[in-house]
């Protein structure tokens with residue numbers, strides 16, 4: 001009973017239920033957008049956007065307090081996504097452009113924070129999230145934003161996949177590649193805002209990138225990758241919260257829940273990696 | 001040599017760190033390893049925290065953690081369907097999460113923000129000498145191995161036919177990147193270091209196509225960014241590490257803008273000549 005209670009009973013407490021709901025919503029985005037990120041190899045872009053969103057958060061809070069956090073971040077995310085698509089594929093390698101722009105954006109955020117007096121939470125809280133103070137309004141807003149992004153991704157799913165696997169063929173079939181790239185970048189950036197809001201700037205990448213990578217380990221088709229990613233993200237979020245709660249209640253250690261959840265994702269990924277490699281290895285030796 | 005007040009020391013350190021970053025940045029930009037360098041900066045974070053907890057030199061902890069995570073990620077990169085960018089993403093999120101956990105677990109007061117955004121104003125003589133040594137080692141390695149590194153970067157296949165092992169070149173360039181990351185990390189921070197590493201070199205690449213010129217211009221730009229950023233941070237009373245990396249970003253954008261303008265002008269001129 002004790003184990004069951006630890007696994008399920010803890011979520012009777014609203015301060016654990018609400019983060020679970022937000023992470024569940026983010027899991028849907030991690031499945032749909034995460035798969036697109038994976039097939040387009042946009043992992044670095046995603047990381048870039050988490051940093052680019054940061055000044056939006058900081059300026060939003062500096063101007064309008066906590067209420068302006070999400071609008072500020074959504075505007076910054078859209079601008080950053082547009083800039084990334086605009087600057088990509090010209091001269092200097094894309095990697096370098098991304099790296100410099102994202103860090104410059106991040107610097108602006110740090111400078112705003114260092115100058116601001118409206119800052120109550122401190123830099124660290126924004127970097128590593130405040131998962132346990134998620135409110136009902138945050139659950140609602142997260143659901144709406146992610147539902148919008150996932151709907152758009154679902155409507156044009158075939159075009160996104162076609163563009164990812166063969167740009168020229170997609171262009172020949174009349175797929176508007178540039179527009180798709182822009183839509184995807186903005187979609188990713190909005191999902192990043194929601195993830196950053198709950199789990200923090202530095203850990204959002206784990207939640208968005210790792211599930212699809214696990215999906216790719218065990219499945220080949222994009223639909224199945226998305227399904228596996230969704231399942232993995234749900235289980236990992238849930239386990240991560242259980243562990244964070246268990247550690248803080250029973251072991252009396254004050255672990256940051258965002259970091260615990262992110263590490264659970266990483267640990268799950270490594271387990272899946274070792275398991276699939278082992279299975280592949282034994283199969284190969286049986287055939288030989 | 002370093003009988004200076006704290007701001008003078010910080011100025012020297014900013015210039016040295018900028019020069020080191022600019023030089024190594026040439027390797028990063030030419031080999032397109034920006035994301036690797038970025039995840040490496042993140043991977044050093046838990047090592048730095050762990051070292052601070054047990055009282056070991058922070059640089060040492062950062063180096064050990066960076067090497068460990070680099071090993072794990074190079075294994076991930078070999079798995080079918082995963083590849084380098086997944087490996088880097090896993091590595092950097094693992095790095096930050098581990099660092100945050102370690103910092104939360106201990107009762108030793110640790111200034112996590114100083115690791116993330118740097119503290120150039122706290123540079124001591126040891127940090128200065130370390131940067132000088134790293135700069136000297138990097139220059140030496142590039143003088144000795146530079147031609148082979150270039151050959152393998154631009155044409156891996158024919159270089160390996162001439163007996164230049166791609167694997168060894170990769171190891172040497174990763175070691176150089178790792179050294180620079182570990183040394184300038186405490187100065188401008190684990191998150192912000194990447195702008196100084198990539199910005200000056202990418203700017204230099206926009207300005208010149210010649211690699212040798214690039215290797216001279218990039219450190220100069222880097223040092224200038226370091227000094228200008230530090231002075232600006234004092235004038236405007238802003239965070240030093242963030243201001244330095246912002247200056248590096250602005251210089252990069254300006255160089256890109258100039259390059260874009262130049263190629264547009266050249267194209268217009270060509271069109272005019274060709275037009276009847």
Would you mind listing the helices (runs of 4 or more DSSP H) fully within the range A:151-260 where at least 3 residues are more than 13 Å from every other protein chain (Cβ to nearest Cβ) and either touching a helix residue (DSSP H, G or I) at 6+ places or on another chain (Cβ under 7 Å) or buried (at least 24 other Cβ atoms within 10 Å of the Cβ) (or both)?
-> A:157-165, A:167-172, A:177-199, A:222-250
Being out of contact with any helix residue (DSSP H, G or I) (no Cβ under 8 Å at 6 or more places or on another chain) and not in a helix (DSSP H, G or I) is the filter; apply it to the range B:188-212 and report the residue that is nearest to the other protein chains (Cβ to nearest Cβ).
-> B:209
Answer with yes or no whether residue B:14 is crowded, with 24+ Cβ neighbours inside 10 Å and modelled with pLDDT of 80 or more.
-> yes
Filtered residues of the range B:77-96 (kept if facing chain A (nearest Cβ under 7 Å) and outside any helix (DSSP H, G or I)) | B:79, B:81, B:82
So residue B:220 clears everything in (1) at pLDDT 90 or above; (2) over 12 Å from residue A:100 (Cα atoms); (3) within 12 Å of another protein chain (Cβ to nearest Cβ) except one condition, right? Which one?
-> (3)
Can you work out which of the residues in the range A:116-150 that are over 19 Å from residue A:77 (Cα atoms), more than 14 Å from chain B (Cβ to nearest Cβ) and part of a helix (DSSP H, G or I) is modelled with the lowest pLDDT?
-> A:133
Taking the options B:57, B:46, name whichever one is more than 16 Å from residue B:177 (Cβ to Cβ), touching a helix residue (DSSP H, G or I) at 6+ places or on another chain (Cβ under 7 Å) and within 14 Å of chain A (Cβ to nearest Cβ).
-> B:46
Neighbours by Cβ (under 8 Å, 6+ apart or cross-chain): first from the range B:227-246, facing another protein chain (nearest Cβ under 9 Å); second surrounded by fewer than 18 Cβ atoms within 10 Å (Cβ to Cβ) | B:237/A:115; B:238/A:115; B:238/B:232; B:243/B:232; B:243/B:236
Return the only residue of B:99, B:185 being at pLDDT 80 or above, over 26 Å from residue B:216 (Cα atoms) and in a helix (DSSP H, G or I).
-> B:99
State all residues of the range B:102-128 that are outside any helix (DSSP H, G or I), at pLDDT 75 or above and more than 16 Å from residue B:193 (Cα to Cα); if no residue qualifies, say none.
-> B:124
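Output the number of residues of the range B:201-216 satisfying the condition of being more than 15 Å from residue B:181 (Cβ to Cβ) and either in contact with a strand residue (DSSP E or B) (Cβ under 9 Å, 6 or more places away or on another chain) or touching a residue at least 60 places away in the same chain (Cβ under 8 Å) (or both). Working first, answer last.
Our first condition is that a residue be more than 15 Å from residue B:181 (Cβ to Cβ); within the range B:201-216, this holds for B:202-216.
Add one more test, that the residue is either in contact with a strand residue (DSSP E or B) (Cβ under 9 Å, 6 or more places away or on another chain) or touching a residue at least 60 places away in the same chain (Cβ under 8 Å) (or both), and what stays is B:202, B:204-205, B:211, B:214-215.
Number satisfying all stated conditions: 6.
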Looking at this structure, is residue B:14 more than 14 Å from every other protein chain (Cβ to nearest Cβ) and either part of a loop (DSSP other than H, G, I, E, B) or free of Cβ contacts under 8 Å to residues at least 60 places away in the same chain (or both)?
-> no
Any hit, the range A:276-283, residues being at pLDDT below 85, more than 13 Å from chain B (Cβ to nearest Cβ) and over 21 Å from residue B:91 (Cα atoms) | yes
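The values are calculated or read from the model by the stated rules, or taken from the named source; none is laboratory data. Keep in mind the model is a prediction, meaning the values are calculated, not measured. Reconstructed Cβ throughout: ideal geometry from the backbone, glycine too, with neighbour counts over all protein chains shown.
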